[in-house]
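So the structure is just underneath, and the comments pick up after that.
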Amino acid sequence: MYFESVRPRIPIVGEVPGSLTTPMTPDEFRRHGHALVDWVAEYLAHPERYAVLSRVEPGAITAALPAEAPDLGESFEALFADFERVLVPGLTHWNQPGFMAYFASTASAPGILAELLSAALNQQAMLWRTSPAATELESVTLGWLQRLLGLPDAFSGVIYDTASISTLHALACARERAVPGVRVEGLVGRALPRMRVYASAQAHSSVDKGVMLLGLGQNGLAHVPVDDAFCMRPDALRDAIARDRASGVQPLAVVATLGTTATTSVDPVAAIAEICDAEGLWLHVDAAYAGAAAMLPEQRAHFAGWERADSVVVNPHKWLFTPFDLSAFYTRHPALLRAAFSLVPDYLRTADTEQSRNLMDTGIQLGRRFRALKLWAVLRHFGADGLRDRLAGHIALAQMFADWIDATPGWTRVAPVPFSVVCFRATPADVPDDGLDAFNERIVEAVNATGEVFLSHTRLNGQTVIRLAIGHEGTTAAHVTRAWTLLRETAAGRGTT
Ligand code: PLP
């Protein structure tokens, strides 16, 4: 029925004949679509065909592409041929089991299919009426996730693109609550004290960016010292707040991290929540990576106290098998979020019954795409048990790898492993201490150059450290074993394969 109504585009008077591409016909769409799905199925089935880390030189992709867009429309075949020839070699394969860098993640099959639907439907859920389905599915799906995570009903959720944006909105709420009139008067030219947000020295740089954007300045963020396990020290937080108050600085908010970026350390949220209560500070919990693990009963202890937060972020696009991008933001203060961001021009005003559901009022963005669809697809496809099973499997693989490190002379684990990331370094007796950083850097480079796995590095206590992060749905003991073999062979070959 729908296809029958599609007609070739009628040329506008004055347009050059032959310069127009007719719309892709339904039959062409079906043909290309089937071919594309076949390509994706092959891609997912045979990850070993691709080097995980792209091997192209900087600038090579740009040089291989025309400087200008084409004047005449081109066929989809031509486009796809260039995709394979030029772009595929320039892909680093985040969606492969050998990807163990940064935080490994998965675009799972149901998530990929839901993204296809989302693109086809082109929903824009700024108002409830511009997409009742996207608006309501967002709150239903986030409700499901919230209960799986064990967050109380007092929270309500909104989807943003990334954790950085979720954290920015959390800090905007904190500022809205603490600074009367900030929405109208701003911060400039007013007799206001310096304000401070507190996060551990291991917190993600998105907290820095948040305070920068909100006009608090980078000095408006205090990096609280951590203990030996890289967790925020509540005594140091208490001292920092007291020092600030004594010198006229106004404390605003604390960002506690459950699963820090470098080591996945777990800030003691319960103790931090006590301090925030006593001091009247907004508590935002950044569980962007590790939050998914709250679905596992045996992991819940790590999350003790997060239910007392004012806001929480969990990224299903990190460790919940959801294609980029989707960040779940929960707050106990949805009215405050709206107070900070709602701004309704006349042309977007709707009936009162709809107004409170309009997603455009919950953040800086007006337009919102249909992200909930892929999370819904993931939650339904795997089911809670399927998700728990995979998360527990990743944690077990990380534990297995950590045990190998602990049991092998010449290798040292440098942080606890609460979730699915292991931080370690090669420490052979015959490499002097001041040569270990370069030695470990060479190992990472050489292992990554094999194309079989991709590991990343970081610095801890002034030393270069290797990170192995497990988070892809397809990663098995065989992949982790192979990574370990490559690491040992490389180290034995003195840093080259
Ligand atoms: N918070 C933590 C703990 C992270 O590790 C990261 C990224 O790795 C972020 C926030 C930022 O995430 P996003 O890329 O979704 O902004």
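The values are calculated or read from the model by the stated rules, or taken from the named source; none is laboratory data. This structure is a prediction, so every number in the text was calculated from the model and none was measured. We place every Cβ from the backbone using ideal geometry, glycine too, and count neighbours over all the protein chains shown. Protein only, heavy atoms only, side chains kept; ligands, DNA and RNA dropped before computing areas. Shrake-Rupley method; radii C 1.70, N 1.55, O 1.52, S 1.80 Å.
Observations, loosely collected:
- Close amide-amide hydrogen proximity is noted between HIS457 and ARG467, each under 5 Å apart and 5 or more residues distant or on a separate chain (H modeled in the peptide plane; Pro and chain starts excluded).
- Given their separation in residues at 0.36 nm each and the Cα-Cα distance between them, GLN355 and LEU148 gain 71.7 nm when the chain is fully extended.
- Each of ALA407 and VAL188 was given a label point 7 Å from its Cα along the Cα-to-Cβ line. The distance between the two points is 6.2 nm.
- Backbone HN-Hα couplings from phi across the stretch 289-301 [Karplus 6.51/-1.76/1.60, Hz, Gly and Pro as x]: 8, 7, x, 4, 5, 5, 5, 8, x, 5, 9, 4, 4
- Spin-label model distance (nm) - ASP430 vs LEU366, 7 Å beyond Cα toward Cβ: 6.7
- Phi angles across the stretch 114-126 convert, under the Karplus curve 6.51 cos²θ - 1.76 cosθ + 1.60 with θ = phi - 60°, into 3J(HN,Hα) values of 5, 5, 4, 4, 4, 5, 5, 7, 6, 6, 10, 9, 5 Hz, Gly and Pro given as x.
- For HIS34, the solvent-accessible surface computed with a 1.4 Å probe is close to 120 Å², ligands and nucleic acids excluded.
- Longest to shortest principal axis, alpha-carbon extents of the chain, angstrom: 73, 64, 45
- Solvent-accessible ranking of TRP376, TRP306, largest area first, probe 1.4 Å: TRP376, TRP306
- Tail fraction, Cα-Cα pairs, the stretch 79-170, threshold 20 Å, whole percent: 60
- Measuring nothing but how far apart in sequence close Cα pairs (under 8 Å, 6+ apart) lie, relative to its length, the stretch 224-300 scores a relative contact order of 28 percent.
- Where a label projected 7 Å from the Cα of THR92 along Cα→Cβ would reach, residues of the stretch 243-261 with amide N under 18 Å: 261
- Along principal axes, Cα extents of the stretch 124-369, largest first, whole Å: 51, 50, 27
- Measuring nothing but how far apart in sequence close Cα pairs (under 8 Å, 6+ apart) lie, relative to its length, the stretch 124-369 scores a relative contact order of 26 percent.
- When nucleic acids and ligands are ignored and a 1.4 Å probe is applied, THR412 ends up with an accessible area of around 50 Å².
- For ALA222, distant residues with modelled amide H under 5 Å away: VAL197, TYR198, ALA199
- 3J(HN,Hα) along the stretch 268-279, derived from phi through the Karplus expression 6.51 cos²θ - 1.76 cosθ + 1.60 where θ = phi - 60°, amounts to x, 5, 4, 5, 5, 4, 4, 5, 4, 4, 5, 9 Hz, with x in place of Gly and Pro.
- Ratio Rg/Rh, restricted to the stretch 320-380 and using Cα atoms, in which Rh is the Kirkwood radius: 1.02
- Among the protein heavy atoms of the stretch 124-369, carbon and sulfur supply 55% of the accessible surface, probe 1.4 Å, non-protein parts ignored.
- Near the amide H of GLN250, within less than 5 Å, lie the amide hydrogens of ARG194, MET195, ARG196, all on another chain or at least 5 residues away, with H placed in the peptide plane.
- In this calculation the C-beta distance from ASP385 to ALA270 is compared with R0 = 41 Å, giving a FRET efficiency of 0.90.
- The chain, accessible area per residue, ligands and nucleic acids excluded (1.4 Å, Å²): 47
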